[in-house]
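In what follows, a single structure is set out as structure tokens and then discussed.
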Amino acid sequence: MEPVRLTRYARGGGCACKIPPGELEAMVAGLGVTGGPDLLVGLDHGDDAAVVRWDGRTGIVATADFFTPVVDDAYDWGRIAATNALSDVYAMGGTPLVALNLLCWPRDVLPLELAREVLRGGYDVAALAGCHLAGGHSVDDDGPKYGLAVTGTVRPDELITLDAGRPGMPLSLTKPLGVGVLNTRHKATGETFPAAVAAMTTLNAGAARAAVAAGVRCGTDVTGFGLLGHVSKLARASGVTAVLDPARVPYLDGAREAARDGYVSGGSRRNLDWVSPWTDFGGLDEVERLLLADAQTSGGLLVAGEVPGGTVIGELVPAGEYRVVAR
């Protein structure tokens, strides 16, 4: 096959193609939910997945996640998209059990051999996670999109949610930031960033197990809304203020340079616009602000607590004038 730059077929790459958080919240506001007291997690706070109680010891976790190409390599894109979808289950403290493919493909534009490579990447990640992957759904679409619908299990007493944060808890991050600006540079220039691909294809399974074992019950994963967006959702759901130390936030090599050179997605800029009204940035310059709002794809876990291998980047304090303080 002739080399194909898949990112040329994407208006926004990876989780940066999400509907902006403010628009999404307005769209789902007032929507009801079906079910009763056995629905443990629904629409209330925008958690990563829905959770239904199966019995006293088991909850069923259900999620779906798909997006446009974030890298040009079809196999890597499949791995990244599958890792990202499985992360929603890990972010709830759960274990993925079975997944289904979600594939949109412009069959008259891109060869089906490329689609097969995307699917192969997804299957390899699912096998690594010990998650069954069988079948799914495909449509002929204007642009390529791929992801998974995932079902998992969780113990209700080990459930990790957005609303369980309390003042005095540290905030920890389990992966470095920066994949958003590096992916934007990749799309614009064709440069490759193996460390970014490695980060995006690293399962959050180990981080989730460590968090549950450490007694963590509040958290999320960092994806399209950026660190500031996900911190904001956690702080609001928990009724606290989050104080971040930007100097402690880890970044991939080259991320700060990419941001300084202007490789910032529209999704990241929308994230910054959304969080700015309730964020005290102190003396942070625009580059640092954009990096904190950088739309991540298949990012790490953000948890209220300390976990082995994670980096403490801030703390939760009693609610005040600001929901987020970055200083």
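Based on Cβ point charges of +1 for Lys and Arg and -1 for Asp and Glu, what charge dipole magnitude is obtained for the chain about its Cα centre, in debye rounded to the nearest 20?
So the dipole magnitude of the chain works out to roughly 240 debye.
For the pair Val317/Met27, report the inter-label distance in nm, with labels modelled 7 Å from Cα in the Cβ direction.
Placing both labels 7 Å along Cα→Cβ, they lie 3.6 nm apart.
For n ≥ 4 DSSP H runs only, could you compute -39500 (n - 2.57) per run for the chain, divide by its residues and tell me the 222 nm figure to the nearest 500?
-10000 deg cm²/dmol
So if the hydrodynamic radius of region 158-326 is defined as the Kirkwood radius over C-alpha pairs, what does Stokes-Einstein give as its diffusion coefficient at 4 °C and 1.567 mPa s, in µm² per second?
On the way: Rh = 15.8 Å.
Approximately 82 µm²/s, per Stokes-Einstein.
Full-extension gain between Trp54 and Ala164, please, as 0.36 nm times their residue separation minus the C-alpha to C-alpha distance. Spell out each step's value before the answer.
Working: separation 110, 0.36 × 110 = 39.60 nm, distance 2.15 nm.
In short, 37.4 nm is gained.
Going by average Cβ neighbours within 10 Å, how do the peptides 174-181, 275-282 rank, with the highest at the top? The partial results should precede the final answer.
Numbers: 174-181: 27.1, 275-282: 16.8.
Put in order of decreasing packing, that is 174-181, 275-282.
So if each residue of separation counts as 0.36 nm, and I subtract the Cα-Cα distance between Asp38 and Thr189, what length gain in nm does that give?
Contour length minus Cα-Cα distance gives 49.4 nm.
Treating cross-link reach as a plain straight distance, find the aspartates and glutamates whose alpha-carbon is under 12 Å from the alpha-carbon of Lys233, omitting any fewer than eight places away in the same chain.
Glu25, Asp44, Asp47, Asp48, Asp163, Asp221
To the nearest 20 debye, what charge dipole does region 77-191 have about its Cα centre, counting +1 at the Cβ of each Lys and Arg and -1 at the Cβ of each Asp and Glu? Don't skip to the answer; put the middle values down first.
Details: 10 positive and 12 negative charges, 60 e Å.
The dipole magnitude comes to about 280 debye.
FRET efficiency for Arg116 and Ile19, Cβ-Cβ distance as r, R0 = 35 Å, nearest 0.05?
After rounding to 0.05, the efficiency reads 0.75.
Under a plain spin-label model, where a point goes 7 Å from the Cα along Cα-to-Cβ, how far apart in nm are Asp245 and Asp280?
For Asp245 paired with Asp280, the spin-label model returns 1.7 nm.
Where Rh denotes the Kirkwood radius from the mean inverse Cα pair distance, what is Rg over Rh for region 2-154?
Reported Rg/Rh (Cα atoms, Kirkwood Rh): 1.01.
For Ser87, what charge total do you get from the other residues with a beta carbon under 9 Å from its beta carbon, if Lys and Arg give +1 and Asp and Glu give -1?
Its environment carries a net charge of -4.
Which of Ala62, Ala29, Ala188 ends up with the largest GNM mean-square fluctuation for the chain, with Cα atoms connected below 10 Å?
Comparing Ala62, Ala29, Ala188 in the GNM, the peak value goes to Ala29.
Quick check on region 94-180: what does the Kirkwood estimate of hydrodynamic radius come out to from the alpha carbon pairs, in Å?
15.9 Å
Which of Ala195, Ala127, Ala64 ends up with the largest GNM mean-square fluctuation for the chain, with Cα atoms connected below 10 Å?
Of Ala195, Ala127, Ala64, the Gaussian network model singles out Ala127 as fluctuating most.
If you take every residue apart from Arg8 with its C-beta less than 11 Å away from the C-beta of Arg8, what net charge results, scoring Lys and Arg +1 and Asp and Glu -1? If you can, show how the numbers build up before the last one.
On the way: positive: Arg5, Arg11, Lys187; negative: Asp72.
Computed value for this residue: +2.
Set Lys and Arg Cβ to +1 and Asp and Glu Cβ to -1, take the dipole of the chain about its Cα centre, and tell me which of His45, Ala247, Gly229 lies farthest positive.
Ala247
No value in this document is a laboratory result; all are computed from the given coordinates. The model shown is predicted, which means the values in this text are computed figures rather than measured ones. Note that each Cβ is placed from the backbone with ideal geometry, even for glycine, and that neighbours are counted across all protein chains shown.
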